[in-house]
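The values are calculated or read from the model by the stated rules, or taken from the named source; none is laboratory data. Just so it is clear, the structure is predicted and the values come from calculations on it, not from any experiment. So basically every Cβ, Gly included, is an ideal-geometry build from the backbone, and we count neighbours across all protein chains shown. Side chains included, ligands, DNA and RNA excluded: accessible areas come from the protein's heavy atoms. Shrake-Rupley method; radii C 1.70, N 1.55, O 1.52, S 1.80 Å.
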Amino acid sequence: MNQKEYIIALIAKQLQGLATPQEADELQQWLQSDAACQQEYDDMAIIWQKSGPLLAEPSFNTEVAWVKLDDQIALLTARDRKPLHAIISILYTPTAKAAAAILVLACTATAGFWWHRHTQWQSFTALAQNETLTLPDHSVVVVRKGSTLKYPKQFDAAERRVALTGEAFFSVQHNEHQPFLVITDHSEVKVLGTSFLVHNTNAADEVVVVTGKVNVADKKENNNKVILTKGQRVVLKQDHFYQDQVADSNFIAWETGQLNFNNTALPQVLQDISHYYGITVELDPGIQANAHTIPVTVHFNNQPLEQVLEELKLITGLQVKKENGKTVFYRN
């Protein structure tokens, strides 16, 4: 396998979520070696997203579907139809880019793909670590590891629209004539110029405002919306907004490495630690009722999880155990 084939294999694994940490690191190094590499990855990612429904395990006859698609390609390119095995093998050869271009042409009937092509959107994924990205308007986004931001090469004159999966911190250049919008699965976050965090999961969206003012609207019901100002947070879950004040900066700890607790109730401490380390830390049912009366005052600076858990044991007098893939605090 030559270098080109190896890179294509790495990209395929990454798009399927099968890449190992070492393979993700190798792919990240390749992406950073040349701007053209990132563009090639973005093109293949779009092809993957659009062809996914065709390649997934379907309820219809897969071979018939491929033959029909090839019929369309043959008409467009004035060539003979190829056997099914030859069509599929093209996707995994060094000529994959040319094959992808043909597939794009055949799929332009879908409105979503047409929109992607004509606005020239590209996708950026923070693979091995948090990444800082400067957008076409000079707004700066810190994308959390494992998260993906999609944005156009040039913003529309009427608005600056991006799409987020995962978590990112935005520092937006002010422009009252060109609103900045962050689109997730659940919400639309609209600002003129400010700094804020957006955390998108399958279950909910969280938005925290550091400076300025932000409008957060439910995508299912546009009239269901809230306005946030500096120091406010909102969680959108099951079509309901839950709004409160932010007492600390731990919501951005994944970017700063700093976790600060000042007489903070233990349940909140464990929630912040779970989010920072990407694990589940919870309380044993026997101490949940009174856990809010256990205060924690401590500062953590990029410390390993094991050290953090040991310090919390000393502060609270509790013990820690591993149970069903979770870390549980309990009392002897």
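Below are the figures for this structure:
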item	result
Residue order for GLU306, GLU311 - accessible surface, 1.4 angstrom probe, largest first	GLU306, GLU311
Which listed pairs, of LYS237/LYS326; LYS190/LYS225; LYS153/LYS190; LYS190/LYS220; LYS150/LYS190; LYS145/LYS190, have C-alpha distances above 18 Å, in listed order	LYS237/LYS326; LYS153/LYS190; LYS145/LYS190
Listed residues ASP185, ASP284 arranged by accessible area, highest first, probe 1.4 Å	ASP185, ASP284
Tensor-based shape of the stretch 249-300 (alpha-carbon gyration tensor, a/c under 1.5 rounded, otherwise prolate or oblate)	oblate
Accessible surface of the stretch 171-327, 1.4 Å probe, proportion on carbon and sulfur as whole %	46 percent
For ARG144, net neighbour charge (Lys/Arg +1, Asp/Glu -1) across residues whose Cβ lies under 13 Å away	-3
Heavy-atom accessible area per residue - the stretch 130-271, 1.4 Å, Å²	47 Å²
Cα shape, the stretch 140-239, gyration tensor, a/c 1.5 rule	rounded
Area accessible to solvent at PHE124, 1.4 Å probe radius, in Å²	30 Å²
